[in-house]
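K.L.:
My structure is below; once you've seen it, I'll send some questions.
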Amino acid sequence: MGESTRTQLVSAIQLQEKAADLQESSNNEKTFTVEDAVEEIGFGRFHVLLFVIMGSSSIVEAMEIMLLAVVSPEIRCEWKLDDWQVALVSTMVFLGFMLCGVLSGFIADRYGRWKVVFGGFVWSAYFSLLTSFAPSYGWFIFLRSMVGCGVAGVSQGFVLKTEFIPAKHRAVLLPLATIFWMIGSMLIIVLGMLVVPTLGWRWMIRISVTPSVVLIFLFKFIPESARYNVSAGKVDAARQTLQRIARMNRVALPEGRLVEPVVRNRGSWRILLSSSFRRTSLLLWYSWFVASFAYYGSVLSSSELLEKNLLCVTNADQDHQVKHRHQGGVCYCIPFGYGDYQTLLISCLGEVALVPLNIALLNVFGRKMSLTVLQLLAAVFFMMLNICSTMFGFTVLLFLLRSLVAMNFNVVYIYTAEVYPTIARSLGMGFCTSFSRIGGMIAPFIAQVLMSQSVVLALSPFAMACVICALGNFLLPIETRGRALLQNS
């Protein structure tokens, strides 16, 4: 009996020693997170590919939105539309965007970013093509609202792109993506200039679908977000993605095992309104509202001022002396002239002309102060559009205004993607873009309806909204400059 007890004690001691060895081995095992891997991989060939393909999604989004400004004179003429009916077209597009913005964010956090962005490409291209066959005004606004729903999914590409970019490169690469938005805006204006006078607006829309079709095939080269995969418990898939990126960039992953906790409450709206993010979310929703309100206000106001010849121009040519409203009634058919397209093209260049300034503001002053400065300047330039000047003077003012509102939109995009954790980043972006589309829904009724009554009254709401938002930015509790992306709350 004594011998048996001694043997059991020896076995127990040996088991304890083995367990201690295993525990020590486990403690000494090297591990790394997705954030560690992204920073270690750095910037390379993969990021160039990512920048080009995901940046090109901005071309699609810009073409679908800017199409409204180019096609408005044509549908007004074809269907004899009043001002409010033309404004309703833009509003319905943004309504579709708003309703699908939150839904696309929820799906992206639950089931992956890649699926949502790819589905958005297919959806928007399909319904945009159908728009060119619209037999009536009612069908046109319905199909454009479906296009807006697809564009909401495409906008989640910004989250997918942000999650692969190292922290020190985000303040440079993300503002540079504005170039693609400018290209999309200019493409649709050039199409309008070349195609509308000869083949009509329907063929312009059909040709504008081409970039979406091309991107559908190119998108297979972009992987699912590694940050999403680890949050969903798909650690092996995340590691394979990171290894693929490391090989393309010709570097090695950090030594050890990829470790991230599995998160169960992905895509929960409660995170956005938790004590950590409540104030940030509420202020960001208003900032996005103003960003969209001001941006599309500047775009639609410029096209409306040019189409209806409402500018106070000291050297107006004969084309700009034809008025929308006159004693004999309403003139529905005032097409854009070559000079009008040229003015819109130059104003689009303004969206990238000050990108170096945008990058400097982000790196020197941070995200919060950049938003404040840009919104205050935008308010000033909105009111300066009332000044009587030459066409050249108006073009310069419009150029600078478009620069400021585009930079503001860019900064609020970056701040939102950086401030929310991975488990709610897409949902947070979805909520924000939905609030922004409320601004986009209201802007046409001010820029296209109120503008006919008074230019000053139409531009004042845009300026006031920018001033109020600039003051509110001081209350944002978090500055994200140089900060790593959070994985959970």
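K.L.:
For region 99-110, what does the Karplus curve 6.51 cos²θ - 1.76 cosθ + 1.60, with θ = phi - 60°, yield as ³J(HN,Hα) per residue in whole Hz, taken in order and with x for Gly and Pro?
P.N.:
5, 8, x, 5, 4, 5, x, 4, 5, 5, 6, 8
K.L.:
Right, here's the next one. With a probe of 1.4 Å, find how much accessible area region 76-154 has per residue, and write the answer as a whole number in Å².
P.N.:
On the way: 2910 Å² over 79 residues.
Per residue, region 76-154 has 37 Å² of solvent-accessible surface.
K.L.:
Would you tell me the accessible area of Ile59, worked out with a 1.4 angstrom probe on the heavy atoms of the protein chains, in Å² to the nearest 10?
P.N.:
Roughly 20 Å² of Ile59 is accessible to a 1.4 Å probe.
K.L.:
If you roll a 1.4 Å probe over region 32-261 with all protein chains in place, what percent of the accessible area is carbon or sulfur? Present the calculation step by step, with values, prior to reporting the outcome.
P.N.:
Numbers: 5790 of 8300 Å².
The computed percentage sits at 70.
K.L.:
When the solvent-accessible surface of protein heavy atoms is calculated with a 1.4 angstrom probe, in what order do Phe121, Phe180 fall, highest first?
P.N.:
Working: Phe121 0, Phe180 25 Å².
Accessible-area ranking of Phe121, Phe180, largest first: Phe180, Phe121.
K.L.:
Residues with amide H under 5 Å of Leu258's amide H, sequence separation 5 or more or different chain, H placed in the peptide plane at 1.01 Å from N; which?
P.N.:
Under 5 Å from the amide H of Leu258: Phe32.
K.L.:
Here's something else I'd like to know. Pop a pseudo-label 7 angstrom from the Cα along the beta-carbon direction at both His169 and Gln453 and give the gap in nm to one decimal.
P.N.:
Roughly 5.2 nm, to one decimal.
K.L.:
What residues of region 202-228 lie in the reach of a label at Lys115, counting those whose backbone N is under 17 Å from a point 7 Å from the Cα along Cα→Cβ?
P.N.:
220, 223-228
K.L.:
Ordering His169, His47 by accessible area with a probe of 1.4 Å, largest first, what comes out?
P.N.:
Values: His169 50, His47 5 Å².
Largest accessible area first, the residues go His169, His47.
K.L.:
Calculate the length of the line joining the C-alpha centroid of region 26-98 to that of region 404-462, in whole Å.
P.N.:
If we compute the Cα centre of each part, the gap is 14 Å.
K.L.:
Using the Karplus equation 6.51 cos²θ - 1.76 cosθ + 1.60 (θ = phi - 60°), what ³J(HN,Hα) coupling, rounded to whole Hz, does each residue of region 466-473 give in order, writing x for Gly and Pro?
P.N.:
Coupling constants for region 466-473: 5, 5, 4, 5, 4, 5, x, 5 Hz.
K.L.:
At Arg257 and Tyr126, where each label point lies 7 Å from the Cα along Cα→Cβ, what is the point-to-point distance in nanometres?
P.N.:
4.3
K.L.:
Shifting gears a bit: Rounded if a/c is under 1.5, else prolate if a/b is larger than b/c, else oblate: which is region 32-261, with a ≥ b ≥ c the root eigenvalues of its Cα gyration tensor? Walk me through the numbers on the way to the answer.
P.N.:
On the way: a/c = 3.01, a/b = 2.20, b/c = 1.37.
Prolate.
K.L.:
Can you compute 3J(HN,Hα) from phi for each residue in region 392-400, using the Karplus curve 6.51 cos²θ - 1.76 cosθ + 1.60 with θ = phi - 60°, rounded to whole Hz and x for Gly and Pro?
P.N.:
Per-residue couplings from phi come out as 5, x, 4, 4, 5, 4, 5, 4, 5 Hz.
K.L.:
So for the pair Leu471, Tyr286, with labels modelled 7 Å out along Cα→Cβ, what separation do we get in nm?
P.N.:
Roughly 0.9 nm, to one decimal.
The values are calculated or read from the model by the stated rules, or taken from the named source; none is laboratory data. Since the structure is predicted, the reported quantities are computational estimates derived from the model, not experimental observations. Please note: Cβ atoms are built from the backbone with ideal geometry, for glycine as well, and neighbour counts cover all protein chains shown. Just so you know, the surface numbers come from the protein's heavy atoms only, side chains and all, with ligands and any DNA or RNA stripped out. Shrake-Rupley method; radii C 1.70, N 1.55, O 1.52, S 1.80 Å.
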